[in-house]
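Note sheet for the following structure.
Rule-based calculations on the coordinates, nothing more; no lab input. Treat the numbers as computed from the prediction; the structure is a model and nothing was measured. A quick note on method: Cβ atoms are made from the backbone with ideal geometry, for glycine too, and the neighbour counts reach across all protein chains shown.
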Amino acid sequence: MMEPSTTSPEDPFAEIRPYSNLEAPAVMERLTQDAELAETVARWRFPRLHAALPGLATFAGSIWLKVAANRLATVEDLQNLIAPNLSRMIKRTSRFSVSGIDGLDLSPARVYLSNHRDIVMDPAYANYALHRAGATTLAIAIGDNLLSKPWVADLMRLNKSFVVKRNVSGPRALLAATKLLSQYIRDCVSSTRNPIWIAHREGRAKDGRDLTEPAVIKMLALSRARGEAPEAVLTELNIVPLVISYEVDPCDALKAAELAAGGEYVKAEFEDVSSIARGITGEKGCVHLHFGKPLPANLSVEGVVAAVDQQMAEHYRLYQTNRWAWEWLHGERVPDAIVFHEGSTTEQSFRARVDSVPDEHRRWLLTMYANPVSRRLALDANAKDSSCD
């Protein structure tokens, strides 16, 4: 569970905000005492030793933690430690490319509204791109369902993550938590000038459709004062869509199993933590991140949903894995007008990936890769119909 905290007039966002530099030393000291984190570090830093002598490897992991903590006094120190490790991990597990950032003014604080495929890597790639461009890194929204382990909660909040409360009982408590979140996001953008990353829907788009949930946009507007229009708040947030595309999803088999089970699927304890690990370390092929165009001023909630969804469909980079999945699913060729990018995955290896999951899951796995193609076809059809009106 998360560490208990209380709000105060001086710090109304204490329950959900990232840890400050003043809090960092105590949190880091707490992390060095966590046996489970030490074992996790051992598996990551000393995999061979852990396989042979897990107790010794865990002891080595605790020593590594203490040495690292002694070097870290601030949140910035932690991010500077993470940056080169993140860079190496990205180069090892993906071929990463970015578009749209050169034409975007990065000086104002913004809400970057992203499609959501991976729990940790979606915002990590965005932060990596902004860091390389010399821009301020993001405060990242993360659901409290992912913070069941104390060390995960501590690490996330040390690394500029803020908490989205989902496990709240009762409509009044839920409304209060949602308003607090909305106020925090607006305060970040308007007062502290810190950009925000938040997914455009609750949870990952396991089916690959990337549709914006109106409830997320309504939440962003809840911070409005009496008499203030939602459109004014949404304009103030300087919303920019982020579109991330994965050639291969390391968690595709897990997502297919969940989709196949429908509403009867029950996650195992700490399954989300396992998905985080697989998403970080698994091969992803090519990954592309597109920084969209800032949304026009004075859009309604419905207007924001439509504008974001259009950019999501238009700028999602389609790879051959998407084409193969669509054609195998539909039994016909994709129209020639759709452009697909070459990646690092062969058709043979992708077919083997599909065949490796149980028969009853394969259609769902193909669907998650095929749906971005279907979304692009629908977008092109709507554009064609509009031009004929």
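Computing Rg/Rh (Cα atoms, Kirkwood Rh) directly from the structure and comparing it against (i) 1.05; (ii) 0.96; (iii) 1.15 singles out (ii). Going by neighbour counts of Cβ atoms within 10 Å, the residues Glu231, Glu347 line up, fewest first, as Glu347, Glu231.
For the chain, complete DSSP H runs whose alpha carbons reach 20 Å or more along their own long axis and whose mean Kyte-Doolittle score is -1.0 or higher are 54-70, 75-93, 171-190, 301-315, 359-388. Modelled label positions at Ser99 and Asn298, each set 7 Å beyond Cα in the direction of Cβ, lie 3.2 nm from each other.
Using 0.36 nm per residue and subtracting the Cα-Cα separation, the extra length available between Glu264 and Phe59 on full extension is 69.7 nm. Note on Ser190 and Glu213: the model spin-label points, each 7 Å out from Cα along the C-beta direction, lie 2.5 nm apart.
Other residues lying with their Cβ under 15 Å from the Cβ of Leu106 contribute a combined charge of +2, Lys and Arg counting +1, Asp and Glu -1. Taking Arg209, Arg95, Arg172 as the candidate residues, the one with maximal mean-square fluctuation in a Gaussian network model of the chain, Cα springs under 10 Å, is Arg172. Rounded to 0.05, the FRET efficiency of the Ser356 and Glu10 pair, given R0 = 51 Å and the Cβ-Cβ distance, is 0.40.
Expressed as a whole number of Å, what is the distance separating the alpha-carbon centroids of segment 182-261 and segment 4-64? First find each Cα centre; the distance between them is then 28 Å. Here the Gaussian network model covers the chain, with springs between Cα atoms less than 10 Å apart; of Ile101, Ile119, Ile185, Ile101 fluctuates the most. When Ser169, Ser62 are sorted by how many other C-beta atoms sit within 10 angstrom of their C-beta, beginning with the fewest, the order is Ser169, Ser62. Among Glu258, Glu271, the ranking by other beta carbons within 10 Å of each residue's beta carbon, starting with the fewest, stands as Glu271, Glu258. Electrostatic bookkeeping for Ile338 treats Lys and Arg as +1 and Asp and Glu as -1; over the other residues with beta carbon under 9 Å from its beta carbon, the sum is 0. Given +1 at the Cβ of Lys and Arg, -1 at the Cβ of Asp and Glu and no other charges, the dipole of segment 22-72 around its Cα centre is 260 debye to the nearest 20.
With R₀ set to 45 Å, the beta-carbon distance separating Ser349 from Arg172 gives a calculated FRET efficiency near 0.30. Taking a Cβ cut-off of under 14 Å around Thr281, the surrounding Lys, Arg, Asp and Glu residues balance to a net charge of +4, with basic ones at +1 and acidic ones at -1. Segment 109-158 and segment 274-347 have Cα centres spaced 20 Å apart.
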